[in-house]
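Here is the structure we will look at.
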Amino acid sequence: DQILAANHNYMRRLVEPAIGTSQFDVPGLEDNDVVIAAENLQLIPVENIFRAYMATSSTSTSLYQAWKRGDTMFAGHAIPEGLVANGPLPYVMDTPSTKSEEHDVTTSAEEMLRQGLITTVQYTAIRNSGLVAFGMAAQFLRTRGIILVDTKFEHGTNRGGKIVSQDEILTMDSSRFWLASDYDSQMERFELGALDELNPKSYSKEFARGFSEGERGYTDEQRIAIAARYVVGIQELLGRRFEPDMRPRDERVVSGLRKTVESLTAR
């Protein structure tokens with residue numbers, strides 16, 4: 001939880017000029033604090049996923065699974081010929097899905113407009129701001145030796161009527177990150193015919209999914225491997241050693257809540 005909080009807050013500040021935020025900073029709260037203060041928004045029931053690569057995925061709503069099925073369209077985009085698993089897409093695709101209590105459904109912007117889930121003005125805003133934020137993040141992460149493969153953004157309308165982002169932003173749970181040096185090396189060998197497939201080192205929840213066996217829990221060894229991968233990922237992102245708060249979680253939560261309430265009541 002601390003790694004993801006630090007990840008979110010670091011990237012939130014980077015892309016906030018493009019997509020806004022429901023969150024506000026509280027004096028005394030560190031980036032890795034698990035308490036986050038944010039305004040309640042009027043939810044826009046759409047999750048917008050931006051994809052720069054066709055990453056392999058076991059998720060049925062992914063572009064990869066649509067490509068494997070032989071589909072010709074995905075979320076309003078024609079699936080190009082000549083794609084390869086974990087290879088780049090010709091452009092960054094906006095691939096929205098509806099938010100559902102049961103499961104998300106990937107669909108096109110046109111279909112969501114027809115269903116009345118979103119207005120043209122709303123979707124134009126979240127698509128354009130999302131593309132700008134994706135570009136900002138991708139360019140920055142490359143300087144840190146990380147490839148931004150895909151990510152999701154969620155939005156709502158604040159009290160001032162402005163559409164802003166909510167929930168986690170560009171984290172290892174909501175995005176796929178690859179180690180750039182590993183990917184570039186593999187791509188060079190793949191193009192020369194010395195490698196049959198691309199399988200880059202990943203800093204994302206997909207790595208943990210690889211251990212999943214239905215409802216069976218992780219072993220201690222798997223938990224250690226997942227934790228180590230996330231620690232390495234956050235250190236690559238921050239460019240420095242990650243220093244966790246070693247207090248018990250309940251103590252950290254209570255402390256964060258106290259600081260937040262004190263800050264709000266002092267306004």
Checklist line | Selection from region 174-189 of residues that are surrounded by 18 or more Cβ atoms within 10 Å (Cβ to Cβ) and either over 26 Å from residue 237 (Cβ atoms) or not polar (S, T, N, Q) (or both) | finding: 176, 177, 178, 179, 180, 183
Notebook entry, point to check: Does residue 163 satisfy the condition of being β-branched (Val, Ile, Thr), surrounded by fewer than 22 Cβ atoms within 10 Å (Cβ to Cβ) and under 23 Å from residue 38 (Cα atoms)?
Noted result: yes
Next item on the list: Being of a type in the set (Gly, Ala, Ser), in contact with a Ser or Thr (Cβ under 7 Å, 6 or more places away or on another chain) and farther than 23 Å from residue 150 by Cβ is the filter here, so list the residues in region 7-57 that pass it.
Entry: 37, 38
Notebook entry, point to check: Which one of these does residue 110 not meet: (1) open to solvent by 70 Å² or more (accessible area, probe 1.4 Å); (2) of a type in the set (Asp, Glu); (3) in contact with a strand residue (DSSP E or B) (Cβ under 9 Å, 6 or more places away or on another chain)?
Noted result: (3)
Notebook entry, point to check: Only one of (1) over 26 Å from residue 121 (Cβ atoms); (2) assigned to a loop (DSSP other than H, G, I, E, B); (3) open to solvent by 20 Å² or more (accessible area, probe 1.4 Å) is not met by residue 57, so which one is it?
Noted result: (3)
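Just need a number here: residues in region 1-39 that are in a loop (DSSP other than H, G, I, E, B), in contact (Cβ under 8 Å) with a residue 60 or more places away in the chain and either under 16 Å from residue 259 (Cα atoms) or among the polar types (S, T, N, Q) (or both).
First pass over region 1-39, keeping only residues in a loop (DSSP other than H, G, I, E, B): 1, 20-22, 24-37, 39.
Checking which are in contact (Cβ under 8 Å) with a residue 60 or more places away in the chain leaves us with 1, 20-22, 26-30, 32-35, 37, 39.
Filter once more, so that each one left must be either under 16 Å from residue 259 (Cα atoms) or among the polar types (S, T, N, Q) (or both): 21-22, 26-30, 32-35, 37.
So the answer is 12.
If the requirement is being under 24 Å from residue 58 (Cβ atoms) and either acidic (Asp, Glu) or at pLDDT 95 or above (or both), which of these qualifies: 152, 162?
None of the others qualify; the one that does is 152.
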Notebook entry, point to check: Applying the selection to region 193-215, what residues are open to solvent by 80 Å² or more (accessible area, probe 1.4 Å) and farther than 23 Å from residue 168 by Cβ?
Noted result: 196, 197, 199, 213, 215
Notebook entry, point to check: Residue check: is residue 150 surrounded by 18 or more Cβ atoms within 10 Å (Cβ to Cβ) and not in a helix (DSSP H, G or I)?
Noted result: yes
Note to self: For region 60-82, give me the residue count where each residue is within 20 Å of residue 99 (Cα to Cα), in a helix (DSSP H, G or I) and hydrophobic (A, V, I, L, M, F, W, C).
What the structure shows: 2
Notebook entry, point to check: Under the condition of being of a type in the set (A, V, I, L, M, F, W, C) and in contact (Cβ under 8 Å) with a residue 12 or more places away in the chain, which residue from region 109-128 is farthest from residue 42 (Cα to Cα)?
Noted result: 109
Check: outside any loop (DSSP other than H, G, I, E, B), within 24 Å of residue 64 (Cβ to Cβ) and free of Cβ contacts under 8 Å to residues at least 12 places away in the same chain - does that describe any residue in region 198-215?
Finding: yes
Item checked: Those residues of region 1-53 which are surrounded by 21 or more Cβ atoms within 10 Å (Cβ to Cβ), among the aliphatic types (A, V, I, L, M) and over 15 Å from the mean Cα position of the chain (by Cα), in sequence order -> 44
Checklist line | Residue in region 91-103 that is modelled with the lowest pLDDT, counting only those that are more than 18 Å from residue 176 (Cα to Cα) and open to solvent by 50 Å² or more (accessible area, probe 1.4 Å) | finding: 101
Notebook entry, point to check: Looking at region 216-242, which of its residues are in a loop (DSSP other than H, G, I, E, B), of a type outside the set (A, V, I, L, M, F, W, C) and either without any contact (Cβ under 8 Å) to a residue 60 or more places away in the chain or surrounded by 14 or more Cβ atoms within 10 Å (Cβ to Cβ) (or both)?
Noted result: 217, 218, 219, 240, 241
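The values are calculated or read from the model by the stated rules, or taken from the named source; none is laboratory data. Small disclaimer: the values here were computed from a predicted structure and weren't measured. Cβ coordinates were reconstructed from backbone atoms using ideal geometry, including for glycine residues, and neighbour counts include every protein chain displayed. All accessible areas refer to the heavy atoms of the entire protein, side chains included, with ligands and DNA or RNA removed. Shrake-Rupley method; radii C 1.70, N 1.55, O 1.52, S 1.80 Å.
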